[in-house]
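Chemist: Handing you this structure, nothing more for now.
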Amino acid sequence: MKKNERVSIMMPPEFENTMENLMTIFSSTQDLGITVAGEDMYPTSKHPILRLFLIEKFDLGWAFKDELQAFTFLNYDAAQSFLKRLPDMSAFEMLLMMNAQEDSSESEVGYLS
């Protein structure tokens with residue numbers, strides 16, 4: 001996987017107004033990647049959100065294909081820690097994180113510490 005390669009990504013207008021692209025990871029074997037977008041990602045944020053989107057390569061660059069998962073965190077430091085670990089996270093660890101989100105008592109997305 002290659003991380004944060006400089007490429008053109010066609011983003012939906014609502015993305016640019018509410019989210020910031022924080023990281024992009026590209027597959028070394030397919031024309032697919034994952035971009036990680038942050039909402040409310042500031043040191044003073046109470047519940048920052050990281051959204052993982054599948055992107056696909058087209059003739060004109062890269063484009064959004066689907067949202068894979070959204071994670072809400074208790075604070076900015078927890079979100080940053082997750083973001084730092086994400087490129088090296090095992091599939092098993094990711095499945096556990098996604099399951100923790102689904103089992104959350106909170107609506108829509110759960111909270112991680």
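Every number in this text was worked out from the coordinates using simple rules, so none of it is lab data. All figures in this text were calculated on a predicted structure; none of them were measured in a lab. When we count neighbours, we look across all protein chains shown, and the Cβ atoms used for this are built from the backbone with ideal geometry, even at glycine.
Chemist: Please determine, by comparing only the residues of segment 83-94 that are surrounded by fewer than 17 Cβ atoms within 10 Å (Cβ to Cβ) and not acidic (Asp, Glu), which one is farthest from the chain's Cα centre (by Cα).
Modeler: This residue is PHE92.
Chemist: Those residues that are farther than 15 Å from ASP88 by Cα and in contact (Cβ under 8 Å) with a residue 60 or more places away in the chain, I need them from segment 17-49; list them, please.
Modeler: Within segment 17-49, LEU22, HIS47, ILE49 qualify.
Chemist: Return yes or no: is ALA63 under 22 Å from GLU14 (Cα atoms) and touching a residue at least 24 places away in the same chain (Cβ under 8 Å)?
Modeler: Here the answer is yes, as ALA63 does meet what is asked.
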